[in-house]
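What follows is calculated from the coordinates using simple rules that are stated; it is not laboratory data. Here the structure is a predicted model, which is why all the values come from computation and not from measurement. Here the Cβ is made from the backbone with ideal geometry for all residues, glycine too, and neighbour counts use every protein chain on show.
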Amino acid sequence: MRIEVVTLFPGLVTEAVKAGVLGRAVERGILEVHATTPREFAVDVHRTVDDRPYGGGPGMVMTIEPTRTALRQAKARLPQGSRSVYLAADGVPLTQAKAQSMSQLPGLLLLAGRYEGVDERLLDAEIDEQLSIGDYVLSGGELPALVLIDAIARLLPGVLGDAESAQQDSFVTGLLDWPHYTRPEEFEGRTVPEVLKSGNHAAIQRWRTKQSLGRTWERRRDLLEKLQLTAEQQRLLDEFIAEQPRPDAGGG
Ligand code: 4H3
């Protein structure tokens, strides 16, 4: 898959994709990420890429011309069937399912905005969809673009090993992850749950499923309500709930 990013901070993008799973995907040639800046296409001596908003008010808006040239050239480097995305706080929320479907594309053009954003007419003309990574405002679209790239890259065939398979991920299964432990056996008086040291694989799997269900119930009841639990899962969740200290059980 090829991803083109149009950004005023290309270095931010190219450096970030060198690390970890993403870096490995790039090294293996499974993913190619290229960043260009509209500033390169600004024609005036100051290389201006922004201007004051019509209607007044604070801040600046990215102008059409240099960004359009950058977008068009980036598109020309992408295969047929690629899509273009603008990262915006008021975009459609990004989901695992969205990352999944985008991972099937041959290429992606990402526009990262700065200042108050981009002239709306440029978005209308050049952008297929607007995505948000969550309900908060950031100073630029680069981090959201990198979040999207990361979510997609780890779904590309050959990027994750068998052991890290994306099939087991939260938001694929619909349940949050269970807690993980490694050595030492005791840390500041806190111990590892006995069952994990028992070697009883059926009991370990039951415990993990129970923790997943319990965490989802505690933290994301909205996710749990979308699932039809099996009788066994319901029993494990009931057990988890029964084991929770009641709000005013005292304890001291
Ligand atoms: C995306 C972009 C939040 C998100 C963003 C998000 C800066 C868009 C600028 C950039 C505009 C002003 N903030 N939640 N900000 O995905 O170009 O908003």
Anyone know which of Ser198, Ser101, Ser139 comes out most mobile in the 10 Å Cα GNM of the chain?
Ser198
Remind me, relative contact order of the chain in percent, using alpha carbon pairs under 8 angstrom and six or more residues apart?
18 percent
Prolate/oblate/rounded call for region 156-252, Cα gyration tensor, a/c under 1.5 rounded
oblate
Sort out for me the Cα centre separation of region 18-36 from region 92-141, rounded to whole Å.
20 Å
Pairwise Cα inverse-distance average, inverted: Kirkwood Rh of the chain (Å):
21.4 Å
Mind listing the phi-derived Karplus ³J(HN,Hα) values for region 209-224, rounded to whole Hz, using 6.51, -1.76 and 1.60 with θ = phi - 60°, and x for any glycine or proline?
4, 4, 5, 4, 4, x, 5, 5, 5, 6, 9, 9, 4, 4, 5, 4
Length-normalised contact order for region 101-215 - Cα pairs under 8 Å, 6+ apart - percent
22 percent
Taking loop as defined by DSSP and a crowding limit of 12 other beta carbons within 10 Å, which chymotrypsin sites (Phe, Trp or Tyr not before Pro) in region 115-171 fit?
Tyr136
Quick one: what are the phi-derived ³J(HN,Hα) couplings along region 54-63, Karplus 6.51/-1.76/1.60 with θ = phi - 60°, whole Hz, x for glycine and proline?
4, x, x, x, x, x, 10, 10, 5, 6
May I ask you to work out the translational diffusion coefficient for region 1-149 at 4 °C, viscosity 1.567 mPa s, via Stokes-Einstein with Rh from the Kirkwood sum over Cα pairs, reported in whole µm²/s?
83 µm²/s
Net charge near Ala202 (other residues with Cβ under 14 Å of its Cβ; Lys, Arg +1; Asp, Glu -1) is +2
Note the count of lysine pairs whose C-alpha atoms are less than 25 angstrom apart in the chain, limited to pairs 8 or more residues apart or on different chains.
6
